[in-house]
Ligand SMILES: Nc1ncnc2c1ncn2[C@@H]1O[C@H](COP(=O)(O)OP(=O)(O)O)[C@@H](O)[C@H]1O
Ligand SMILES: O=C(CO)[C@@H](O)[C@H](O)COP(=O)(O)O
């Protein structure tokens, strides 16, 4: 038998850094490490390096031949001419650039003009809006900025700076497409849009091909291009036509592989690029798994307790609905919104109903994103549900009903990390396609089809939609 070859994938996400070491042929996870990131929407990139170092301590990367990094998308990492950090990174969930987003949209001539340019409508999450905020609020930092990179670009470069082999900053199509100054329509930068935001164009990372090397360390470890975390998850899951991913991490992300741009001037679906050379239309909420932790906290219980309570309530929580905009919201674009509990009466004011409303509210918000993808021509044959909150029993009960599609839960795993590792294996072995790695399923959940069930499910969606419309006048 030939010797086993090892590759590693990193998921440097909002809440933590997870590193998986996989068998390059089969994708089997051999070992893994993790470390926490600090909370907050403004974080020094140095923390990501500290967490990566901690997660890979004690020889985790021994004998690893190639590595790639998947990272939280959009974060603005500013570097001076010596590549030192100018300021803390502003993350995807930092909403201070909401006014900048509005200004940029109107200055270019409206949402359609942005869709024509980069297939995305800027919202506070996107890097271009953070650059405008920097120019308007921190002129000295804006002037010191020589290069702008994304979280995964920074960690990839830092690995090479530390271990030898750094040849300049790099990125990939997937993550670059989340800046709004790189276009998946033309596969090229739109530095005029960066200049519009920041007042001048600065250095940007070189965009590598899907299986191109970012570098090789002194010890001979190949470093892949890496990608955004959602593009990494798509690679890790090996999506087939009809698959739509609903990822319930800090963010709620809904996406599918596509062979063409989507062009959504309503701004629900962003026209991102995939890590394999195609498109990855994606709708993303700021509020997902942490709605459940907040709900549990409110009820004085833990996540298992929240599950028990939610499962003891009837669908629709006896009329109680939650608009889950606890951290503001991005999809729909309501950066200043807060959470709203609607339909509260003395009769329905129970812990069970409140727990149910948290689960249903989080999922109704994401169901709107699934519908937006459907409206843009995505065929939804089944939903692949991943991310921390996919482990919740109540989420598993409610998801197929509210999303209106069969839901499969892959065997629990770090799919962003596995996707990055699959990219690393691809870079190592070459070839037109990434290596075939099988994904096993833990469970398949069919939506109930009885008349009463369907009426209940429709009711859950419509009471949520009524509350939303009443307060904000839109989906
Ligand atoms: N059984 C569970 N029920 C609900 N939420 C869970 C459960 N297990 C983990 N989570 C939540 O999942 C989140 C982490 O998921 P993850 O996909 O790793 O997020 P991220 O990639 O954004 O860091 C945390 O907010 C955690 O509370
Ligand atoms: O902004 C987006 C996608 O557009 C988020 O999905 C981030 O990429 C962060 O993801 P998680 O930390 O929740 O995995």
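Bear in mind that the values in this text are calculations on the coordinates, not laboratory data. Owing to the predicted nature of the structure, the values given are computational and were not obtained by experimental measurement. When we count neighbours, we look across all protein chains shown, and the Cβ atoms used for this are built from the backbone with ideal geometry, even at glycine.
In what sequence, highest mean first, do 379-385, 322-328 appear when ranked by Cβ atoms within 10 angstrom?
For the peptides 379-385, 322-328, the packing ranking is 322-328, 379-385.
Oblate is the label for the stretch 180-250, because the ratio a/c of its alpha-carbon gyration tensor axes (a ≥ b ≥ c) is 1.5 or higher and a/b is not greater than b/c.
When both the stretch 62-106 and the stretch 296-341 are represented by their alpha-carbon centers, they are found 29 Å apart.
Between residue 312 and residue 138, what is the FRET efficiency for a Förster distance of 60 Å, r being their Cβ-Cβ separation, to the nearest 0.05? Provide the component values of the computation, followed by the final result.
Numbers: r = 50 Å, r/R0 = 0.83.
That gives a FRET efficiency of 0.75.
Cβ crowding within 10 Å ranks 217, 411 as 411, 217, fewest other Cβ atoms first. Taking every C-alpha pair closer than 8 Å and separated by at least 6 residues, the mean separation divided by the residue count of the stretch 40-155 gives a relative contact order of 36 percent. So what's the angle, to the nearest 10 degrees on a 0 to 90 scale, between helix 451-472 and the longest Cα principal axis of the chain? Helix 451-472 and the main axis of the chain meet at about 70 degrees.
With the contact rule set at Cα under 8 Å and sequence spacing of 6 or more, what percent relative contact order holds for the stretch 100-231? Working shown, then result.
Numbers: 208 pairs, mean separation 35.9, N = 132.
About 27 percent, as a whole number.
Taking other C-beta atoms within 10 angstrom as a stand-in for reagent exposure, 446, 54 fall in the order 446, 54, fewest first.
I need the semi-axes of the equivalent ellipsoid of the stretch 111-228: take the C-alpha gyration tensor, multiply each eigenvalue by 5, square-root it, list largest first in whole angstrom.
Numbers: eigenvalues 143, 62, 19 Å².
Whole-Å semi-axes of the equivalent ellipsoid: 27, 18, 10.
For n ≥ 4 DSSP H runs only, could you compute -39500 (n - 2.57) per run for the chain, divide by its residues and tell me the 222 nm figure to the nearest 500? Numbers along the way, then the final one.
On the way: 15 runs with 173 residues, N = 475.
That comes out to -11000 deg cm²/dmol.
The packing ranking, built from the mean of other Cβ atoms within 10 Å per residue, places the peptides 66-76, 297-307 in the order 66-76, 297-307, highest first.
Pairwise alpha-carbon distances in the stretch 51-138 exceed 21 Å for 48% of all pairs.
With respect to the chain, whose longest principal axis is taken over its alpha-carbon atoms, helix 151-163 is tilted by about 30°. Helix 303-312 and the long axis of the chain differ in direction by around 30°, with both axes built from C-alpha atoms.
Looking at the stretch 232-365, what % of the alpha carbon pairs are farther apart than 18 Å? Counting pairs separated by more than 18 Å, the tail of P(r) holds 59 percent. Once the Cβ-Cβ distance of residue 28 and residue 54 is raised to the sixth power relative to R0 = 22 Å, the FRET efficiency obtained is 0.35. Taking every alpha-carbon pair under 8 Å whose residues sit at least 6 apart, the chain reaches a relative contact order of 17 percent. Working ranking of peptides 426-434, 92-100, 280-288 by packing, defined as the average number of other Cβ atoms within 10 Å per residue, highest first, is 280-288, 92-100, 426-434.
Measuring spread by the Cα atoms of the stretch 125-167 yields a radius of gyration and Dmax of 13.2, 37 Å. A compact globular protein would have a Cα radius of gyration near 2.2 N^0.38 Å; the ratio found for the stretch 1-149 is 1.29. A quarter of the convex hull surface defined by the alpha-carbon atoms of the stretch 170-213 gives 3.0 nm² as the mean projection. Here the Debye sum runs over all C-alpha atoms of the stretch 345-475 as equal scatterers in vacuum, and log10 of I(q)/I(0) at q = 0.12, 0.16, 0.21 Å⁻¹ comes out as -0.60, -0.94, -1.33. Taken over the chain, the percentage of Cα pairs per 20 Å bin, counting from 0 up to the bin with the maximum distance, is 26, 57, 17, 0.
Looking at the chain, the DSSP beta bridges with both ends there are about 65 percent antiparallel. Measuring max minus min along each principal axis, the C-alpha atoms of the stretch 305-388 give extents of 43, 31, 23 Å (largest first). Computing FRET efficiency as 1/(1 + (r/R0)^6) for residue 187 and residue 266, where r is the C-beta to C-beta distance and R0 is 35 Å, gives about 0.90.
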